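Q: Handing you this structure, nothing more for now.
The values are calculated or read from the model by the stated rules, or taken from the named source; none is laboratory data. Treat the numbers as computed from the prediction; the structure is a model and nothing was measured. So basically every Cβ, Gly included, is an ideal-geometry build from the backbone, and we count neighbours across all protein chains shown. Areas reflect the complete protein model, heavy atoms only, side chains present, ligands, DNA and RNA absent. Shrake-Rupley method; radii C 1.70, N 1.55, O 1.52, S 1.80 Å.
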Amino acid sequence: MAKPSPIKPEEQFARSYVDRLILEQLTDMESAVKLGELADRLSGAGIGLATVRSLLASNPDRFAYHERKWIPASRLLGQGRPFAEAMAVVLHGFGGPMPMSVLVTEIGRIRQLPAEEVEPTVRRIAKYDWPFVVTGDDHVSLTQWGFEAIDQKLDRALALNGITREEFDGAQAKLANINFRDPAAIADAVRIAAPIRLKVLGAVAYAALNRPDPKTVLMFDARQFYADAISVPGYVFAPDGVLYPEADAKKWISNAIRLAERLAPTVEVEDVQPIEVKPEDVDKLVAKVLANENTTTATRLLEENYEITLSNKTFPDDMANIMAALRGQDQLQWVGGDRFRRKGDFPEYILEVPEPFQFTKSDQTSEEGDPIDVELTDDGLSSSLRKLLQHPLATDVLDEDIQPAPKTMPEQVRLVLKSIHRELGTFPMAQIPTGWLSAEPKIQEIIAYDPTGRELQIWANHDARLLYGFLDWWYEQPVESGAVFTLTKTNKANVLEFEWLDQPDPVVYISAQRMEELRQLGVTSEGKSTLDLLIEVMAHWPKGADYLTILAEINVVRRSSRRLIASLLSSYQCFYQRSGSPVWHFDAKKVELGFDKTKRKFVKK
């Protein structure tokens, strides 16, 4: 069985929802000996065998392994109890509205009677007993999941239902225009307020329908209100008691799958020898990959064809065997990790570096006929700039020297988004430690998840040294230059966790107003040297600026290399540093002094 593993609240929420999906199918099956059949029933929701096995084995409160088969834990807990109590136990374990037919079947199994014998009793109790609610689509719930009140004063009713005055006031204001006497009021209220706690929604209706005047008729019916609210199409009652749009359920499933992957290594399963992938098996596996318009993982193929998951001790050997078989197939494209697609099935635009990343070269010359924008060798640069040339925030695509891999590889990397990459939906590998991403194959598919469970497909091209496909997420970020995010490895190759950090990078951050100023400068840059543009950028900083700040700003105006900007700062006498300070200053009075002639011997030929 499962060993203890800490679970975050948002993960518990997600797994509770998926546990409910598993319970519904498991109850319909009566029990599961081979979990592949149960996984097949859930495959339409994207829930595979590994997820099913991991969640079953790690939640004894909802699932029980009894007499060598998996059953709902409530079946054991409900034995020997009265009808109504057994029904409550089953519904508590299910955690949401349960189809009447499923509840009847499960009560029959608990009492070891045919379903047709217990159905009249179950239906009668569900219809007339206060603890239960029957909805219009014949689902059964517990009344306590909604707002329970009859004639209590509002403050008392709120307290009994665990609702704060702030919660109530906020919802009441949002629903101020709803007339709860209208037959369509509840559906309208759900559409306006969702996501909203069902108890809070009920409280607003209760306040509107049950006036404090003792002579008025009490019109609020807690059970009927719950039945109507829970039946509004397009919404789902979640484990936290909130009504959410149905579309949100997809990210809960994604979060639960990732949790199951994390829990999987703690699940102990008896194993046999590693599989042998036979030629006839390879043909079937290839056919499955070719039939899929998207990516197929070797992990999924092991689940579906051999019922092998991460829980099996032989999994590493099994994975190695199936990977070797698939990578040898000419019809397939290995796109990193255990991921396979049809040959050549990737976006064509990832095969080249976008044109805006090319550097703009100016051919302006001085009065003496010498080029103005020149690059110096390392010996001509200040010592601080020589070091900064290798700083990850100085490097970029087409402008980097690939560094050795770090001795200790971090699990998480902190990265900073620059304006040009935000506009193009890309990110440079130059900021990512060498070796953090697998070097092979050259073209890879990477899946990133944000904290809400949203999924993003990213493409990596090691030859171009770029990641592609971030455009949608980049444009959600209001900071145009300097936004900070993290990428964190998971236990699955090429699957990463993505999260924005609250504070932008202080050195590379550029405000919206300054971005507009720099863009205007770029519009008028035609015919100007990069030195002229650098002078205009530096004029904005009377107290001086860091080299990395200057480099970020000049690249909004004109695409310029890190060495060129370092060289201009080092060789023109109008730029200087004070002793012991990393900040660069500009002296307008020294512009006429021009190029420092002592630097000529360091000009790159």
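Q: Taking the mean number of other Cβ atoms within 10 Å as a proxy for protection, how do you rank 404-414, 202-212, 434-444 from highest to lowest? Walk me through the numbers on the way to the answer.
A: Details: 404-414: 10.8, 202-212: 19.9, 434-444: 14.7.
Output ranking for 404-414, 202-212, 434-444: 202-212, 434-444, 404-414.
Q: Any idea what angle helix 315-327 forms with the longest principal axis of the chain, computed on alpha-carbon atoms, 0 to 90 degrees, nearest 10?
A: 60
Q: When you count, for each residue, the other Cβ atoms within 10 Å and take the mean per peptide, how do 357-364, 463-470 rank with the highest first? Show your work: numbers first, answer last.
A: Values: 357-364: 13.5, 463-470: 20.4.
Final packing ranking: 463-470, 357-364.
Q: Restricting to the chain, what percent of DSSP beta bridges are antiparallel, rounded to 5? Walk me through the intermediate numbers first.
A: Working: 53 of 56 bridges.
Antiparallel bridges make up about 95 percent of those DSSP assigns within the chain.
Q: For the chain, with only Lys/Arg (+1) and Asp/Glu (-1) charged at the beta-carbon, what is the dipole magnitude about the Cα centre, in debye rounded to 20?
A: Numbers: 71 positive and 88 negative charges, 222 e Å.
Dipole size: approximately 1060 debye.
Q: Quick one: length gained pulling THR377 to ALA439 fully straight, 0.36 nm per residue minus the C-alpha distance?
A: Full extension of this stretch gives 19.3 nm more.
Q: Now a separate question. Calculate the length of the line joining the C-alpha centroid of region 453-501 to that of region 358-375, in whole Å.
A: Centre-to-centre distance over Cα atoms comes out at 37 Å.
Q: Under a point spin-label approximation (7 Å from Cα along Cα-to-Cβ), what is the GLN513-GLU30 distance to one decimal in nm?
A: Roughly 7.5 nm, to one decimal.
Q: Follow-up question, since we're still on this one. Given 10 °C and 1.306 mPa s, how large is the Stokes-Einstein diffusion coefficient of region 145-246 in µm²/s, with Rh as the Kirkwood radius over Cα pairs? Intermediate values should be presented prior to the final figure.
A: Values: Rh = 13.5 Å.
Stokes-Einstein gives a translational diffusion coefficient of 118 µm²/s.
Q: What is the percent carbon and sulfur in the accessible area of the chain, measuring with a 1.4 Å probe over the protein chains and ignoring ligands?
A: Working: 14900 of 29760 Å².
Heavy-atom surface of the chain belonging to carbon and sulfur, 1.4 Å probe: 50 percent.
Q: Any chance you could run the full-extension gain for ASP155 through ASN177? It's 0.36 nm times the residue separation minus the Cα-Cα distance, nm to one decimal.
A: Working: separation 22, 0.36 × 22 = 7.92 nm, distance 2.21 nm.
Taking 0.36 nm per residue and subtracting the Cα distance, the gain is 5.7 nm.
Q: In nm, to one decimal, how far is the TRP130 label point from the ARG600 one, both placed 7 Å along Cα→Cβ?
A: 10.0
Q: Output the pairs from LYS407/LYS492; LYS361/LYS543; LYS8/LYS174 with a Cα-Cα distance over 26 Å in this structure; if there are none, say none.
A: Exceeds cut-off: LYS361/LYS543; LYS8/LYS174.
Q: Quote the accessible area belonging to GLU117 in square angstrom, nearest 10, computed with a 1.4 Å probe and with ligands, DNA and RNA left uncounted.
A: Taking all protein chains as shown, GLU117 has close to 110 Å².
Q: Please work out the Cα center distance from region 111-187 to region 206-261, rounded to the nearest Å.
A: 9
Q: A further question on this structure: By the gyration tensor of its Cα atoms, with a ≥ b ≥ c the square roots of the eigenvalues, what is the shape of region 404-501: rounded for a/c under 1.5, prolate for a/b over b/c, or oblate? Walk me through the intermediate numbers first.
A: On the way: a/c = 1.41, a/b = 1.31, b/c = 1.08.
Rounded is the answer for region 404-501, as its axis ratio a/c remains below 1.5.
Q: Could you rank the peptides 256-263, 156-163 by their average count of other C-beta atoms within 10 Å per residue, with the highest value first? Don't jump to the answer; show the numbers that get you there.
A: Values: 256-263: 22.6, 156-163: 16.2.
The peptides rank, most packed first, as 256-263, 156-163.
Q: Also, I was wondering about something else. Apply the Kirkwood formula to region 425-477: the hydrodynamic radius equals the inverse of the mean of 1/r over all pairs of different alpha-carbon atoms; give it in Å with one decimal. Write down the numbers at each step before the final one.
A: Values: mean 1/r = 0.0852 Å⁻¹.
Hydrodynamic radius (Kirkwood, Cα pairs) of region 425-477 is 11.7 Å.
Q: Also: Where the Cα atoms of the chain are projected onto their three principal axes, how long is each span, largest first, in whole Å?
A: 104, 75, 39
Q: Then there is this: Work out the charge dipole of the chain with +1 on the Cβ of Lys and Arg and -1 on the Cβ of Asp and Glu about the Cα centre, then indicate which of ILE257, PRO97, TRP541 is farthest towards its positive end.
A: The residue sitting most towards the positive pole is TRP541.
Q: A further question follows. Need one number: nm distance between label points at GLN503 and ASN491, each 7 Å from Cα along Cα→Cβ, rounded to one decimal.
A: Label-label distance for GLN503 and ASN491, simple model: 3.4 nm.
Q: Relative to the longest principal axis of the chain, what angle (0 to 90°, nearest 10) does the C-alpha long axis of helix 562-571 take?
A: 40
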